[in-house]
Amino acid sequence: MTQKELDARVAQVTIELRDKIAYITFDHVAARNAMTVEMYQSLKTICEDLAKNPSIRVAIFRGAGGKSFVSGSDIAQFTSFKDGEDGIRYEEAIHDYLNPLALLPIPTIAVIDGMAVGGGLAIATCCDFRISTPDAKFGVPIARTLGNCLYPGNIAWLAAHMGMNIVRRMLLLAEMVSARELHAQGYLLATHDADRLGNQADILAERLSKLAPITQKASKLAMARIIANQLPDCQDLIRETYGSDDFKNGVASFLKGEPPIWVGK
């Protein structure tokens, strides 16, 4: 398939069931698999359906095209935001879309080619295990791109999986963190060359599928409940951020391909 044909594909999330393993693909190659609202909705539906399917023992998530897992969310949607309330609704919606993934009662594997950024990092972190190419990069560089913020549940989830110090670098310094560092830290289970990544995911899935499913369910959902316990109310912070001139200017500058100018208002 030519690059032009790849770029012409409709943004979608697809699922293929092979025996006891589900393969879910984020397919929006023209935008490095950036998630549209429809893609988030599809992901939620797929995960809700998988939770009801006792024949599926493991789910594997991967981006199409071999260059990106998910590069974030579709930025064009932010041009319709009028005030901070739109930001609250958006962040709560993202949490609602991703919650069925985080709470899937079966083990999940994120297979990461190239990058997992923004919403892509959130999706990868909702999975139980992550493997990537050695050159993969991870981050949430919103402090130099859009000027928005994250839902507190997403920050708590990231911090639980990679530590607050790394999350602080991602959010405050807008750093992209290497696969080597995140492998050493434990966030990544392993790194593999691109031509071995799919096979290694299958090997890991086969290993997971042979273990006690009820124990796996109880263990992962208990950990999820521990992370979610006593989350603070941060609507005031989300409302201020999404209602700011900086956010509006950040979105406009991003879509124009220009560097944003932050004024702190």
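Every number here is computed from the coordinates shown, using simple stated rules; none is lab data. Just so you know, these numbers come straight off a predicted model, no measurement behind them. FYI the Cβ positions are ideal-geometry reconstructions off the backbone, even for glycines, and counts take in every protein chain you see.
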* To do: Mind pulling the angle between the C-alpha long axis of helix 194-209 and the longest principal axis of the chain? Nearest 10 degrees, somewhere in 0 to 90.
  => 60
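What trypsin sites (Lys or Arg not before Pro) in the stretch 1-102 are in a loop by DSSP, with at most 12 other Cβ atoms within 10 Å of the Cβ?
Here the trypsin sites (Lys or Arg not before Pro) that fit, given the DSSP loop and packing criteria, are Lys52, Lys82.
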* Alpha-carbon centroid distance for the pair the stretch 176-228 / the stretch 121-146, whole angstrom -> 14
* Find how much the distance from Asp193 to Trp262 grows on full extension, using 0.36 nm per residue of separation minus their present alpha carbon separation; answer in nm with one decimal. => 20.9 nm
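Arrange Arg144, Arg130 by Cβ neighbour counts within 10 Å, fewest through most, would you?
Arg144, Arg130
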* Just add up the charged neighbours of Cys127: K/R +1, D/E -1, any other residue whose Cβ is under 13 Å from the Cβ of Cys127. => +2
* **Cα-only Debye scattering, the chain: base-10 log of I(q)/I(0) at q = 0.08, 0.09, 0.14, 0.17 Å⁻¹** => -0.31, -0.39, -0.98, -1.46
* Under 21 Å Cα-Cα from Lys52, which lysines qualify once same-chain neighbours fewer than 8 residues away are excluded? -> Lys20, Lys44, Lys210, Lys217, Lys220
* To do: Round to the nearest 10 and give me the degree value, 0 to 90, for the angle of helix 245-256's Cα axis relative to the longest principal axis of the chain.
  => 70
* Taking the Cα atoms only, what angle lies between the long axis of helix 152-162 and the longest principal axis of the chain, rounded to 10 degrees? -> 50
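Based solely on its DSSP helices, what 222 nm [θ] is calculated for the chain when runs of n ≥ 4 H residues each add -39,500 (n - 2.57) and the sum is averaged over all residues, nearest 500 deg cm²/dmol?
Counting only the DSSP helices, I get -14500 deg cm²/dmol.
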* Inter-label distance for Val10 and Ile203, nm, one decimal - labels placed 7 Å from Cα along Cα-to-Cβ -> 3.8
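Just to be sure I understand: of the beta bridges DSSP finds with both ends in the stretch 3-194, what percent are antiparallel, rounded to 5? Before the final figure, lay out each step's value.
Numbers: 9 of 30 bridges.
Approximately 30 percent, going by the DSSP bridge assignments.
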